[in-house]
Structure formats: C-alpha cells, structure tokens
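Can you read through this structure? Questions will come right after.
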Amino acid sequence: MCGRFTLSQPPTAIAQFFHIEEVPDFVAEYNIAPTQLVATVLHNPDHGKREFRHLYWGLIPSWAKDSKIAAKLINARSETVAEKPAFRSAFKQRRCLVLADGFYEWQKQQSKKQPFYFRLQDGQPFVFAGLWEKWQSPTEEITSCTILTTTANELLQPIHDRMPVILQPQDYDLWLDPQVKTAEVLQSLLRPYPAPAMAAHPVSTLVNSPRHNQPECIVPVGE
C-alpha cells in the first residue's frame, strides 16, 4: 500500500516540470498522511489543459452515507479497480495525477517496523496514478482521491509486497484523458516502476507520526 509520501519541490518547479500554468504557493511536505490535502493534477474539460488541485486523500464515493469511509479508501488495487463499486466509475472517467517526490514503506524486523524512503534515482518529482470523486452532503462538499497500487518491484519486494503505481511521463495525458475508457488500455499503464530507476534508504521512526513534517524525516539513518 501507500500510506505516507513527500512533496518537497517548490511550486515553481512543480509548474515547470508538469507543464501546469497556475500552481498556488504551498509548503514542502515531508510526511503526507491520509485525510490530508494532497497536490494533484486533473484534466480541465473547459480548456483541455492540466489543472492543479488540492484534494482530500481518502476517496469518498458519491453514494457514501458519510465521509468516514475515506480512511479505508486511501489506496485502490490496480488489479480490481475496474470492478470494485467504490472505484469503477472514477476509473472510467475521473482519473488524476497525485504529485510526489518520494514515499515511505515499513519493513517488519523482529519486534519493530523499520521505515524506508523511496525516490527516483535522479531525485525528480513523479506522479502516482490516482482517481478522484466529488461527494456532497447537506452541509459539505468534498473532492477526494485515492492512489492506485500494484505488485512491488525488485527494490521494494524485501520491504513490502505492494507499491504505488508511478506513471511514466509519456503516459500522463493518456491517464488523464476522460475520453479513454477502455479498461485494457488503462490497465496497461498500471505496472511496477522499473527498480533500477529508483533508490531507497532506511530513515528515522520520526515518520511514524504525521505530526513530524520536517526534512529530517527523509535523512538516511546514521547521517
């Protein structure tokens, strides 16, 4: 699964890297947790361009009775996303890019769990494949999202058997395009990211608590 990640790049770099015209100012995040707002990119049907949006992390289906279900839907398994009632509608027509530059996973080691930080070898930002939904109650409206997961690559396998789907840059527009509805085409994008293009290192248990949101969260243990 994917339960914590980072986005420490400045807004100007995000705008340039992902070709987004307007990106609001935001602070660096070193420990993004479920139910927080996350940076995403959606397809704007009015002008056909990419649009930056902050969405609530934890998908709330339009038919949900209340928003509490969000904490259970922070991830969607790519293998079954086209069939599950909570995700199948969004999978067909409401897909998004969730912006990140690293993520955490925990390895069971005897009586403790050791957190590891994963990033790309070149240190560049990247995107998770995401889905979004709009939910409304008599008193509030929430636009939320979930992150898709797939089987772990060779780098992650010793740590965990799942990893978030990291999309290749050439696939961003295809994933965002609401006209693309064929499950086979979309499923072909949901594959493990190449392990040689990634790097990992153990980090402090600071990251275990979402109250800790500082650069020390990603510093390798022992440095």
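Mind sorting out which of [x] 17.8; [y] 32.5; [z] 18.3 is the real Kirkwood radius over Cα pairs in Å computed from the coordinates?
Read-out taken from this structure: [x].
Which of the GluC sites (Glu not before Pro) found in the range 133-170 are in a DSSP loop and have at most 12 neighbouring Cβ atoms, other than their own, within 10 Å? Walk me through the intermediate numbers first.
On the way: sites: E133, E140, E141, E154; in loops: E140, E154.
Qualifying residues, ordered by number: E140, E154.
Continuing with this model, one more query. Can you put I14, I60 in order, fewest other beta carbons within 10 Å first? Provide the component values of the computation, followed by the final result.
Working: I14 19, I60 24.
Listing I14, I60 from fewest to most nearby Cβ atoms yields I14, I60.
At a Förster distance of 25 Å, what's the computed FRET efficiency of R77 paired with T12, Cβ-Cβ distance as r, to 0.05? Walk me through the numbers before you get to the answer.
Working: r = 35 Å, r/R0 = 1.40.
Using R0 = 25 Å, I get an efficiency of 0.10.
Kindly write out, for the range 38-46 in residue order, the coupling ³J(HN,Hα) from the Karplus curve 6.51 cos²θ - 1.76 cosθ + 1.60 (θ = phi - 60°), rounded to whole Hz, with x marking Gly and Pro.
10, 7, 9, 10, 10, 8, 8, x, 6
Could you pull out every residue, at least 5 positions away or on a different chain, whose amide H is within less than 5 Å of the one on Q36? Hs are placed 1.01 Å off N in the peptide plane, and Pro or chain starts have none.
For Q36, whose amide H was placed from the backbone, the distant partners under 5 Å are W57.
Each reported figure results from applying straightforward, stated rules to the coordinates on display, with no laboratory input. The structure presented is a predicted model; accordingly, all values stated were derived computationally and were not measured. Ideal geometry is used to build each Cβ from the backbone, glycine not excepted, and the neighbour counts take in all protein chains shown.
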